[in-house]
Amino acid sequence: MPEFETYVDVDVDDFWFACRTREKEELIDLLVEGGWVKRTSPKGTKPEDRLPSILEIEWQDMCNKLSDIRQRISIEDEETIKEILMKY
């Protein structure tokens, strides 16, 4: 049986704009799960739907920094964070 090899050059923008909303969410979920991106907006919202406030931006930055250093914080700091989270 003969073998064929094909190559298709697809522009990322063309691919993205051809996707439906559900397909875009699926792709974003895969990127988040793979560790390529961090979700900064609640699932199902578009960035243009609402602009975050300064406080929300600062909060997200702090959460991202905490996520980045989670392997380096002390056990005491980790326990403090857990205690804070258990309050809510």
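Every number in this text was worked out from the coordinates using simple rules, so none of it is lab data. Everything numeric here is computed off the predicted structure, so don't read it as measured data. So basically every Cβ, Gly included, is an ideal-geometry build from the backbone, and we count neighbours across all protein chains shown.
Results for (1) part of a helix (DSSP H, G or I); (2) closer than 30 Å to Met62 by Cβ, shown as yes or no for each residue.
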| position | (1), (2) |
| --- | --- |
| Pro2 | no, no |
| Glu5 | no, no |
| Asp9 | no, no |
| Phe17 | yes, no |
| Glu25 | yes, yes |
| Lys38 | no, yes |
| Thr45 | no, yes |
Discussion item. In a helix (DSSP H, G or I) and under 15 Å from the mean Cα position of the chain (by Cα): is that true of Lys82 in this structure?
Written reply: no
